[in-house]
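Values in this text are rule-based calculations from the coordinates and carry no lab data. Since this is a predicted model, take the numbers as computed values, not measurements. Quick reminder, even Gly has a Cβ in these numbers, built from the backbone with ideal geometry, and neighbours come from all protein chains shown.
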Amino acid sequence: MKFLTSIKINTKKKQDFLSIFKKLPLKVARRPLPIIIVLFLVSLLWGVSVFYKYVILPEKEEPEEQKRALQIEESAYQRILSGLEEREENLKEADSKEYSDPFN
């Protein structure tokens, strides 16, 4: 038991660290102009980096040439066309069919 009572935890560093965060809103409120300027510069740098990444870099890079032409599988193409034709026929049948009025 003597060992457990001899250990001392230094809470001063923890209190100093927490006191900085407690005083931070007051310091920010006293100096709004520098904070606004810093936030504006950070957002400006972020905007420039996004613009550079998505506008400037794609213009500099040359697109790769395709060496072979696009090929379509004829069987898959025919399946798609037949499916579309079936849908059109179903729609035409639905237009011509008359449904009875359930409320009469």
So which chymotrypsin sites (Phe, Trp or Tyr not before Pro) in segment 12-96 end up in coil per DSSP with only 16 or fewer other C-beta atoms within 10 Å?
none
Might you report the magnitude of the Cβ-based charge dipole of the chain about its Cα centre, with Lys and Arg at +1 and Asp and Glu at -1, to the nearest 20 debye?
2740 debye
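Could you give the longest part of the chain that holds none of the GluC sites (Glu not before Pro) found in DSSP loops with at most 16 neighbouring Cβ atoms within 10 Å?
The longest uninterrupted stretch comes out as 1-60.
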Nearest 10 degrees is fine. How inclined is helix 32-51 to the longest principal axis of the chain, computing both from alpha carbons?
40 degrees
Across the chain, how many lysine pairs separated by 8 or more positions, or lying on different chains, have Cα atoms within less than 22 Å?
9
What FRET efficiency comes out for the pair residue 87/residue 43, r = Cβ-Cβ distance, R0 = 35 Å, nearest 0.05?
0.10
Unit charges at the beta carbon, dipole of the chain: most positive-side option, 84, 57, 96:
57
Taking 30 Å as R0, compute the FRET efficiency from the Cβ-Cβ separation of residue 51 and residue 16 and round it to 0.05.
0.10
